[in-house]
Structure formats: structure tokens, C-alpha cells
């Protein structure tokens with residue numbers, strides 16, 4: 001980007017502005033931008049709204065923000081709550097809080113601590129989550145590492161290394177929790193799979209470990225299979 005010919009845009013209070021090409025865009029308070037934004041750095045503080053697409057190198061939300069279009073950025077950081085009606089494309093995604101995406105997510109690396117909702121597919125090279133999430137389509141990544149909190153739902157999961165763990169709290173060890181933290185999915189397929197607290201119709205992989213609190217309909221494996229005594233597997237087949 002040629003930053004020399006671009007000005008900064010700052011919208012404060014209950015202000016509103018049209019979009020365009022900018023260097024730095026900063027929304028403070030209850031600010032609104034009414035069309036597409038193309039910038040080097042985008043930052044929303046407070047309650048921001050963009051009625052269009054955002055294209056940036058760096059993207060950050062502090063507080064709560066809504067976006068009517070698609071987000072494209074090299075790095076994206078959400079500290080608070082963000083609602084994106086379209087797709088999210090970013091090389092690096094880091095979420096501390098809550099994000100909702102109406103389309104699909106495509107990224108090199110996704111790191112989430114909080115809550116994730118994706119209506120369609122979620123694709124990355126690395127997907128790391130200490131989270132509660134709901135993905136309407138396929139979760140696909142080379143490496144998937146999940147620590148679940150509450151109920152997580154995804155249509156299908158595919159990857160090379162897939163690890164799902166339940167990180168219990170101190171109170172879980174002394175009292176029975178009101179709900180069970182678990183992952184629910186139709187299919188998990190990968191090379192190395194290690195699961196806890198998972199409900200799945202089919203698990204298919206080379207090396208498969210079914211840990212505690214799992215309920216699996218069918219396991220298909222080509223090399224190794226291990227089942228915890230606190231897991232339920234209706235059928236296992238070596239292929």
C-alpha cells in the first residue's frame with residue numbers, strides 16, 4: 001500500500017462518515033462508516049459499525065463492533081465482540097472474547113479464547129482454541145488443538161493432527177457441573193486423532209485414541225487404536 005497519498009480517518013462520539021482509502025482508520029464511541037474501507041490500519045473502540053467491506057493490513061476491535069460485509073486483513077485481533085455478516089479472510093486471527101461470522105473463515109493461523117460462531121466452513125493451517133464454538137460446515141486445518149468449554153458443535157472435522165481435550169476447572173473436581181463440556185460432530189477424519197468429551201458418528205484415522213467421556217458410533221483406523229475405559233465405542237474396524 002502507498003501510505004503517502006492516504007489520509008487518516010477518525011470518527012468520534014455519535015459521528016458518521018463515508019468510506020474510502022485511508023492510512024489509519026479509528027472509530028471511537030458510537031461511530032459509523034457507511035461504505036467500504038480500504039486502509040493500512042483499522043481500529044474500532046467502543047461501539048463501531050461499518051456498512052460495507054473492510055480491507056486492511058492490521059485490524060483490531062476493542063469493545064463491540066458490527067460489519068455488514070467481508071473482512072480481509074493480514075492480522076486480525078478481537079478484544080471484545082465482533083459480528084461479521086460476510087466472510088473473514090486473514091493470515092493471522094486472534095480472538096479474545098466473542099466473534100460471529102455469517103460466511104466462512106479462511107486463515108493461516110487461528111487462535112481463539114472465548115466464543116466462536118461460523119455459519120459456513122472454517123479453514124486454517126493451525127487452529128488453536130480454548131473456546132466454545134459452533135461451526136455450521138467443515139473445520140479443516142493441518143493441526144487442530146481444542147480445549148473445550150461448554151458445548152462445541154461442528155458439522156465435520158478434517159486435519160492431520162486433531163487433539164480435543166476438556167480442561168476441567170477446580171469446581172469440576174469437587175462438585176458435579178451443571179452441564180457437560182463436549183464436542184458434537186458427524187465426522188472426524190485425520191492422521192493422528194486424540195479425543196476427550198466427544199460425541200461423533202464416525203472417527204477415521206491412522207492413529208486413533210478415544211479418551212474419557214467419548215461416545216463414538218464407528219471408529220475406522222489403519223495403524224493403532226486405543227480406547228479409554230470411560231469411553232463408549234459402538235464399533236471399531238481396522239482398515
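The values are calculated or read from the model by the stated rules, or taken from the named source; none is laboratory data. This one's a predicted model, so the numbers in the text were calculated from it and none came from an experiment. Glycine also receives a Cβ, built like all others from the backbone with ideal geometry; neighbour counts cover every protein chain displayed.
Take residue 90 and tell me if it is at pLDDT 95 or above, more than 15 Å from residue 107 (Cα to Cα) and outside any loop (DSSP other than H, G, I, E, B).
On the way: at pLDDT 95 or above: yes; more than 15 Å from residue 107 (Cα to Cα): no; outside any loop (DSSP other than H, G, I, E, B): yes.
It is false that residue 90 is at pLDDT 95 or above, more than 15 Å from residue 107 (Cα to Cα) and outside any loop (DSSP other than H, G, I, E, B).
Can you tell which of 158, 137 is modelled with pLDDT of 95 or more and within 14 Å of the chain's Cα centre (by Cα)? Let's see the steps before the verdict.
On the way: 158 fails: within 14 Å of the chain's Cα centre (by Cα).
Unique residue meeting the criteria: 137.
Quick one: in segment 114-128, which of the residues that are in a strand (DSSP E or B) and either within 14 Å of residue 83 (Cα to Cα) or at pLDDT below 95 (or both) is nearest to the chain's Cα centre (by Cα)?
Residue satisfying both the conditions and the ranking: 116.
When you go through (1) at pLDDT 95 or above; (2) not in a strand (DSSP E or B) one by one for residue 168, which number turns out not to apply?
(1)
Considering only residues that are crowded, with 20+ Cβ neighbours inside 10 Å and within 15 Å of residue 106 (Cβ to Cβ), which ones fall in segment 73-86?
73, 76, 84
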